[in-house]
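*Asks:* Please see the structure below; I have some questions.
The values are calculated or read from the model by the stated rules, or taken from the named source; none is laboratory data. In this text the structure is predicted, and so the values were computed from the model without any measurement. Cβ placement follows ideal geometry from the backbone for every residue including glycine, while neighbour counts extend to all protein chains displayed. Heads up: the accessible areas ignore ligands, DNA and RNA and are worked out on the full protein's heavy atoms, side chains in. Shrake-Rupley method; radii C 1.70, N 1.55, O 1.52, S 1.80 Å.
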Amino acid sequence: MPSAASRIAVVTGASSGIGAATARQLAAAGYRVVLTARRKDRIEALAEEINAAGHQATAYPLDVTDRAAVDEFATAFKTIGVLVNNAGGALGADPVATGDPADWRTMYETNVIGTLNVTQALLPKLEASGDGTIVVVSSTAGHGTYEGGAGYVAAKHGEHVLAETLRLEIVGKPIRVIEIAPGMVKTDEFALTRFGGDETKASKVYEGVAEPLTADDVADTITWTVTRPSHVNVDLLVLRPRAQASNTKVHRDL
């Protein structure tokens with residue numbers, strides 16, 4: 001059980017997928033979770049579900065790209081123990097030659113600037129706890145390139161470098177910095193959002209893959225890293241389904 005000073009865990013992008021699963025698992029592990037996302041109805045329903053299960057959760061609608069809103073959100077806390085930077089996502093799969101600059105900008109703002117905004121705003125609160133943990137949920141896209149993914153890959157490389165640099169800069173402070181880089185994860189929304197709601201294109205991402213990772217698989221990994229003893233920092237953890245050897249090498253039963 002986490003100490004009283006570090007029992008609050010903030011999870012961004014908590015309205016679905018990995019964020020929602022992480023909120024559920026951290027709550028079950030004894031944290032009072034604060035759910036943030038733009039979709040107010042989703043996080044309120046999730047908070048109600050978690051509280052009904054006998055745990056503690058609060059919903060706070062938030063757009064992580066809105067710095068003024070993020071700063072206002074941070075004033076609600078004296079200390080927090082855990083920040084899970086999960087908000088992000090991919091848009092499009094066009095080559096560099098025809099990629100939409102607006103999509104690139106949106107991905108960079110959400111994945112990189114959003115992570116920067118929340119981390120900067122809550123860093124003093126994490127340090128004040130005396131035992132803080134920052135988790136950055138990046139992607140294997142942040143560690144290798146693939147055709148048709150340059151915009152998302154660039155954003156996730158930026159998020160990876162943010163986490164890696166922060167780890168160097170605050171060493172000696174009572175804060176861990178953990179990066180979780182999932183590979184192929186099948187959720188209800190990720191691929192569908194990426195392809196503008198095109199269900200046919202979205203389904204092809206997972207076609208023939210018997211067991212892609214689930215949101216719960218990733219949430220379980222996040223919760224494991226967070227609940228290690230305070231002196232243990234899992235700097236970087238890459239996880240993929242067994243069928244995926246790299247971003248471009250996937251076994252499919254077709």
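*Asks:* Multiply the residue gap between V161 and E48 by 0.36 nm, knock off their C-alpha separation, and tell me the result in nm, one decimal place.
*Replies:* Values: separation 113, 0.36 × 113 = 40.68 nm, distance 3.57 nm.
Gain on extension, V161 to E48, equals 37.1 nm.
*Asks:* A further question follows. Cα centroid distance between region 31-91 and region 138-156, in Å?
*Replies:* 26
*Asks:* When ranked by the protection proxy of mean other Cβ atoms within 10 Å per residue, highest first, what sequence do the peptides 80-91, 225-236, 10-21 form? Display every interim value, and only then the final one.
*Replies:* Values: 80-91: 25.2, 225-236: 14.1, 10-21: 26.8.
Taking the mean over residues of other Cβ atoms within 10 Å, the ranking is 10-21, 80-91, 225-236.
*Asks:* Next up: Dipole of region 117-249, Cα-centred, from +1 at each Lys and Arg C-beta and -1 at each Asp and Glu C-beta, to the nearest 20 debye?
*Replies:* Details: 13 positive and 17 negative charges, 48 e Å.
That gives region 117-249 a dipole magnitude of about 220 debye.
*Asks:* Here is a follow-up. Which net charge results for the neighbourhood of A90, defined as the other residues with beta-carbon distances under 15 angstrom from its beta-carbon, given Lys and Arg at +1 and Asp and Glu at -1? Don't skip to the end; give the middle numbers.
*Replies:* Working: positive: R105, K156, K186, R194, K201, K204; negative: D94, D100, D103, E109, E147, E159, D188, E189, D198.
Net charge around A90: -3.
*Asks:* Counting alpha carbon pairs within less than 8 Å and at least 6 residues apart, what relative contact order, in whole percent, applies to region 1-74? Could the numbers behind the result be given before it?
*Replies:* On the way: 124 pairs, mean separation 20.0, N = 74.
Averaging sequence separation for qualifying contacts and normalising by length gives 27 percent for region 1-74.
*Asks:* Rounded to whole Hz and in sequence order, give me ³J(HN,Hα) for region 89-101 from the Karplus expression 6.51 cos²θ - 1.76 cosθ + 1.60, θ = phi - 60°, writing x for Gly and Pro.
*Replies:* Per residue, the Karplus-derived 3J(HN,Hα) values read x, 10, 9, x, 9, 8, x, 3, 4, 10, x, 7, x Hz.
*Asks:* Now a separate question. Tell me, what ³J(HN,Hα) does each residue in region 177-182 have, in order and in whole Hz, if you take phi through Karplus 6.51 cos²θ - 1.76 cosθ + 1.60 with θ = phi - 60° and put x for Gly and Pro?
*Replies:* Calculated HN-Hα couplings, in order: 10, 10, 10, 10, 10, x Hz.
*Asks:* Can you run phi through the Karplus equation (6.51, -1.76, 1.60; θ = phi - 60°) for region 26-43 and list ³J(HN,Hα) in whole Hz, with x for Gly and Pro?
*Replies:* 5, 4, 5, 7, x, 8, 8, 8, 10, 9, 10, 4, 6, 8, 4, 5, 5, 6
*Asks:* Moving to a separate point now. In the chain, carbon and sulfur make up what percent of the accessible area (probe 1.4 Å)? Display every interim value, and only then the final one.
*Replies:* Details: 6190 of 11990 Å².
On the chain, the fraction of accessible area on carbon and sulfur atoms equals 52 percent.
*Asks:* Averaged per residue, what accessible surface does the chain expose to a 1.4 Å probe, in Å²?
*Replies:* Working: 11990 Å² over 254 residues.
On a per-residue basis, the chain sits at 47 Å².
*Asks:* Ok, one more. Report, in deg cm²/dmol and to the nearest 500, the calculated mean residue ellipticity at 222 nm for the chain, where each DSSP H run with n ≥ 4 adds -39500 (n - 2.57) and the sum is divided by the residue count. Working shown, then result.
*Replies:* Working: 9 runs with 101 residues, N = 254.
Mean residue ellipticity at 222 nm (helix-derived): -12000 deg cm²/dmol.
*Asks:* Given +1 on the Cβ of Lys and Arg, -1 on the Cβ of Asp and Glu, and no further charges, what dipole in debye does region 150-217 carry about its Cα centre, rounded to the nearest 20? Spell out each step's value before the answer.
*Replies:* Working: 8 positive and 12 negative charges, 59 e Å.
That gives a dipole near 280 debye.
*Asks:* When you count, for each residue, the other Cβ atoms within 10 Å and take the mean per peptide, how do 168-178, 211-221 rank with the highest first? Mind showing how you got there, number by number?
*Replies:* Working: 168-178: 15.5, 211-221: 19.1.
In descending order of packing, they fall as 211-221, 168-178.
*Asks:* Would you mind counting up the charge near N117? Only other residues with Cβ under 11 Å from its Cβ, with Lys and Arg at +1 and Asp and Glu at -1. If you can, show how the numbers build up before the last one.
*Replies:* Values: positive: R67; negative: D63, D66, D71, E109.
Local net charge: -3.
*Asks:* Right, another one. In the chain, what percentage of the DSSP-assigned beta bridges are antiparallel, given to the nearest 5? Provide the component values of the computation, followed by the final result.
*Replies:* Numbers: 1 of 30 bridges.
Counting DSSP beta bridges with both partners in the chain, the antiparallel share is about 5 percent.
*Asks:* Considering only DSSP states other than H, G, I, E and B, which trypsin sites (Lys or Arg not before Pro) in region 11-48 qualify as loop sites with at most 16 other Cβ atoms within 10 Å?
*Replies:* Working: sites: R24, R32, R38, R39, K40, R42; in loops: R38, R39.
Taking region 11-48 and a limit of 16 other Cβ atoms within 10 Å, the loop trypsin sites (Lys or Arg not before Pro) found are R38, R39.
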